[in-house]
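Each remark here refers to the structure printed beneath this line.
The values are calculated or read from the model by the stated rules, or taken from the named source; none is laboratory data. None of the values given here were measured: they were computed from a predicted structure. Positions of Cβ are generated from backbone atoms using ideal geometry, with glycine treated the same way; all protein chains shown enter the neighbour counts. When the accessible area is computed, the model is the full protein with side chains, heavy atoms only, and any ligands, DNA or RNA have been set aside. Shrake-Rupley method; radii C 1.70, N 1.55, O 1.52, S 1.80 Å.
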Amino acid sequence: MAGATRLLLVVLGLVGAGPGGRAAAQQATNVPAALQPGEGSLVYRPLASYFRLDGNGPSGAVDMAVQSHALAYGLTHKLTAVAEVPLIYVNTPGTEDVGVGDIDLTLQWRWFVDDPAPLQTRRVVLIGGVEVPSFDDGFSSESLDPFFGVSATWIHSRHAINAAAVWQFNTRGGGAGPVLGFSESDAEALAIDAAYLYRVDPASFADGGQTSTFFQAQLLGRYETHGDTQLIFAPGIIHNGLTWAVEGAVQVPLAQDLDHRAELVWGINFGFRLLY
């Protein structure tokens, strides 16, 4: 996974087919959702992120911006393929650099679905994939790193809960760039995330409204086998129609014990999703 966005971007909450065509909108910005595009549907999702990292880490004070471009395609009604390419800008004291991070190739398979009524669903997807090196000096691990996980989504009317866990095996090769973000070292990495979403408007779709607005509250947990741990709170807003969504979230660290990379001071994400 590329930089500080590894688990933010590798497995995407996608605008897709859901009960009544509307439940699929209830998915968080930074937490994988068990909702997928329909068979033959294509989702494009650019996501811009900025991270301010503290100088207490080994790399000194760092400003990092990531522009991720992701495409997801519904191969069948149960299987989705995702490809994501991050463009990364890093500004450290005295240096500035731009490059292409490692590329994530992911498959999501719907293992369980229960849609008892419109705007109600319970779903679970299994996640598997590999991070392919870009071989861009300073931005690539130059190693092939597999990952797997699971994501679950529960939706009831105006409420939604997403939860996910993803584990990555890192076989870091010749890449010698500084370790700035989660899962960039040769340690194995685990992300455990959860999100609650509430539809602020409209209270009901009975009048045939075409847009909706959600508040989201996310908890992003990070663990690496060399001992680094991190917990991030990420509230935000999502505004969407039937085939598009605009989203934003801020990131604030709640707890950090990091010896191998710089600590997060704050971060922000802004993006949109388009369903074709």
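Points worth noting:
- For ALA262: the one exception among (1) surrounded by 15 or more Cβ atoms within 10 Å (Cβ to Cβ); (2) over 21 Å from ALA48 (Cβ atoms); (3) in contact with a strand residue (DSSP E or B) (Cβ under 6 Å, 6 or more places away or on another chain): (2)
- Restricting segment 99-134 to residues that are outside any strand (DSSP E or B) and either open to solvent by less than 10 Å² (accessible area, probe 1.4 Å) or in contact with a helix residue (DSSP H, G or I) (Cβ under 9 Å, 6 or more places away or on another chain) (or both), the residue that is farthest from LEU79 (Cα to Cα) is GLY101.
- All positions within segment 253-272 that are under 23 Å from THR225 (Cα atoms) and not in a loop (DSSP other than H, G, I, E, B): PRO253, LEU254, ALA255, GLN256, ASP257, LEU264, VAL265
- Hits in segment 265-276 (condition: over 17 Å from the mean Cα position of the chain (by Cα) and open to solvent by less than 50 Å² (accessible area, probe 1.4 Å)): LEU275
- Test: residue in segment 159-168 that is modelled with pLDDT of 90 or more, open to solvent by 30 Å² or more (accessible area, probe 1.4 Å), under 30 Å from ARG122 (Cβ atoms) and assigned to a loop (DSSP other than H, G, I, E, B): no
- Any hit, segment 25-35, residues being modelled with pLDDT under 95, buried (at least 24 other Cβ atoms within 10 Å of the Cβ) and part of a strand (DSSP E or B): no
- Criterion violated by ALA245 - all others in (1) farther than 28 Å from GLY38 by Cβ; (2) part of a strand (DSSP E or B) satisfied: (1)
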